[in-house]
Every structure is written in structure tokens, then in C-alpha cells.
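Encoded as C-alpha cells, the structure appears first; notes follow it.
The values are calculated or read from the model by the stated rules, or taken from the named source; none is laboratory data. Everything quoted here is computed from the prediction, not taken from an experiment. Cβ sites come from the backbone with ideal geometry, for glycine too, and all protein chains shown count toward neighbours. Heavy atoms of the whole protein, side chains included, go into the accessibility calculation; ligands, DNA and RNA do not. Shrake-Rupley method; radii C 1.70, N 1.55, O 1.52, S 1.80 Å.
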Amino acid sequence: MNAKVKITNRAGASFPVRRMNFEFESVPEYWMNGSAGLTHFMTALSALFPAGEMFFIDSVRAVRQHPSIKDNAELQKEISAFIGQEAMHTQEHEGFNASAQKYGHDVATL
């Protein structure tokens, strides 16, 4: 897999958001060492990540305006970058999951 990496730090946080933009069109069906078992295991993990990442994003957003941190500019930068990074992770896992789905692996049900 090849990725076009774009690193941005618009939020001014201590870490940049990496926009990977992987190309999943040419991923083989059994991409993990040619092993069906390892591929299915790793694909099952990837199926879980978008929901988990959304949980992290929602959790951070839920406390973002808490009185003890809403005026902390540095922490707000970190929160913005974290949300951006998790959103990028979600996008890449969804792209990968779609590539597995095209082989008939029911990622949506997982």
C-alpha cells in the first residue's frame, strides 16, 4: 500500500495531524503474509476501529467545554489535533474495510 502523507499542524498542538490517504484498490485478499487466518484477524480488528475512534472523539468533545479546561488554550489545541488525528484514522480504516468488503468479507457485520 502506498500513502500520500500530508502532515499539518493547524491547531498548533504538540503533535501534527497526519493525513495518510492510503490507496486500497490493489490490496490483495489475503494481505497479511498471504495468510487467510492472520488477514481475517487483522481485518476484524480494523472493523472495530471506526466505532472506537468515534467513541474517543465523542468523549473528548463531551468534556471540551468543561469549566476547568474550556479557557485553557494549549489544551484546546491538543483536543483539536486529537480529534483531527482520530478522524483521519477513521477515514483510513473505513477505506481499508471497504477494500476487504469487496472480497466478500462482511466487515459491516463485524
Worksheet item: If you take the residues in region 1-42 that are hydroxyl-bearing (S, T, Y) and part of a loop (DSSP other than H, G, I, E, B), which one is modelled with the lowest pLDDT?
Response: S14
Worksheet entry | region 17-42 - residue that is among the aliphatic types (A, V, I, L, M) and open to solvent by less than 30 Å² (accessible area, probe 1.4 Å) and, of those, nearest to F96 (Cα to Cα) | V27
Worksheet item: in a helix (DSSP H, G or I), farther than 12 Å from H93 by Cα and open to solvent by less than 80 Å² (accessible area, probe 1.4 Å): does that describe L45?
Response: no
Discussion item. Here are the criteria: (1) surrounded by fewer than 18 Cβ atoms within 10 Å (Cβ to Cβ); (2) more than 18 Å from the chain's Cα centre (by Cα); (3) touching a residue at least 40 places away in the same chain (Cβ under 8 Å). Tell me which single one H105 does not satisfy.
Written reply: (1)
Worksheet entry | Residue under evaluation H89, criteria (1) open to solvent by less than 60 Å² (accessible area, probe 1.4 Å); (2) in contact (Cβ under 8 Å) with a residue 40 or more places away in the chain, criterion not met | (1)
Item to complete: Would you check if there is a residue in region 55-74 being surrounded by 12 or more Cβ atoms within 10 Å (Cβ to Cβ), under 14 Å from N97 (Cα atoms) and among the hydrophobic types (A, V, I, L, M, F, W, C)?
Response: no
Fill in: Hits in region 69-110 (condition: of a type in the set (D, E, K, R) and in a helix (DSSP H, G or I))
E74, K77, E78, E86, E92, E94
Worksheet item: Going by the conditions given, is E74 at pLDDT 90 or above and in contact with a helix residue (DSSP H, G or I) (Cβ under 9 Å, 6 or more places away or on another chain)?
Response: no
